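The values are calculated or read from the model by the stated rules, or taken from the named source; none is laboratory data. What you are looking at is a predicted structure, and each value in this text was computed from that prediction instead of being measured. Here the Cβ positions follow ideal geometry from the backbone for every residue, glycine too, while neighbour counts run over all protein chains shown.
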Amino acid sequence: AQTVTQSQPEMSVQEAETVTLSCTYDTSESNYYLFWYKQPPSRQMILVIRQEAYKQQNATENRFSVNFQKAAKSFSLKISDSQLGDTAMYFCAFMNHYSGGGADGLTFGKGTHLIIQP
Amino acid sequence: NAGVTQTPEFQVLKTGQSMTLQCAQDMNHEYMSWYRQDPGMGLRLIHYSVGAGITDQGEVPNGYNVSRSTTEDFPLRLLSAAPSQTSVYFCATSGNYGYTFGSGTRLTVV
């Protein structure tokens, strides 16, 4: 089974600053997907970014980018020009490559509570 | 809009009562799953289904039943609610891009 570790329970930065959230994982698989999900106070789980393990290029979505280090099993999320609306819980998640993730589904870390201060 | 619909949004049960959490999707995804979210625990997989007529257990299946008679629907049943089942429940489907979650059900068992 896989494990996902987020070592920062809470982070706080000023608006417009850049912030990096850490995530490490442990797996014996070579083909998998990694995700970052955002959960605002509304409770909705929102996909922020996804990375396929076979791709060396780091994924980018507007202000959000990842630093994927496969050998180190590290998957950090960088948020540039942070905005008040970025305040939320952020979850790192792992999924095996087969459809839906099979019996493991998505394996989540415990989350990082990110607070953007005005 | 395409997506995953969960009902109800909130529910309070007494210990020993039974209820069904409903989940419907219009994305034509074969894979559906149920998660529970507890404070400080992240989300954990309860049950999943890879298609109509096929279900299996996840990490925390005890106290829950599921069935999958159609591609669209994947209800979660609590047979005899316990305070330990107080949690937020999410239904999710999985397609080519990743998971799509419903808006969640906050369940309190008193």
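Residues that are within 24 Å of A:T3 (Cβ to Cβ) and in contact (Cβ under 8 Å) with a residue 40 or more places away in the chain within region B:47-90 comprise B:S87, B:V88, B:Y89, B:F90, listed in sequence order. Against the conditions (1) aliphatic (A, V, I, L, M); (2) within 11 Å of chain A (Cβ to nearest Cβ); (3) assigned to a loop (DSSP other than H, G, I, E, B), B:V50 satisfies every one except (3). Against the conditions (1) basic (K, R); (2) assigned to a strand (DSSP E or B); (3) without any contact (Cβ under 8 Å) to a residue 40 or more places away in the chain, A:K38 satisfies every one except (3). Inspection of region A:48-55 identifies no residue that is free of Cβ contacts under 8 Å to residues at least 12 places away in the same chain, within 22 Å of B:G104 (Cβ to Cβ), among the basic types (K, R) and out of contact with any Cys (no Cβ under 9 Å at 6 or more places or on another chain). Just one of the numbered conditions (1) more than 14 Å from the chain's Cα centre (by Cα); (2) farther than 21 Å from B:S87 by Cβ; (3) of a type outside the set (A, V, I, L, M, F, W, C) is not true of B:Y31: (1).
For region A:41-79, give me each residue that is basic (K, R) and either part of a loop (DSSP other than H, G, I, E, B) or within 13 Å of chain B (Cβ to nearest Cβ) (or both). Answer for region A:41-79, where residues must be basic (K, R) and either part of a loop (DSSP other than H, G, I, E, B) or within 13 Å of chain B (Cβ to nearest Cβ) (or both): A:R43, A:R50, A:K55, A:R63, A:K70, A:K73. Within region B:77-99, one or more residues are touching a Cys at 6+ places or on another chain (Cβ under 7 Å), within 14 Å of chain A (Cβ to nearest Cβ) and in a strand (DSSP E or B). Scanning region A:11-31 for any residue that is touching a residue at least 60 places away in the same chain (Cβ under 8 Å), surrounded by fewer than 17 Cβ atoms within 10 Å (Cβ to Cβ), within 14 Å of another protein chain (Cβ to nearest Cβ) and not in a strand (DSSP E or B) turns up nothing. Among residues of region B:57-73 being part of a loop (DSSP other than H, G, I, E, B) and within 12 Å of another protein chain (Cβ to nearest Cβ), the one that is surrounded by the most Cβ atoms within 10 Å (Cβ to Cβ) is B:G58. Within region B:15-27, is there a residue that is within 24 Å of A:A93 (Cβ to Cβ) and within 11 Å of chain A (Cβ to nearest Cβ)? Looking for residues that are within 24 Å of A:A93 (Cβ to Cβ) and within 11 Å of chain A (Cβ to nearest Cβ), one finds none in region B:15-27, hence no. The number of residues in region A:90-118 being modelled with pLDDT under 95, polar (S, T, N, Q) and farther than 17 Å from A:S74 by Cβ comes to 2.
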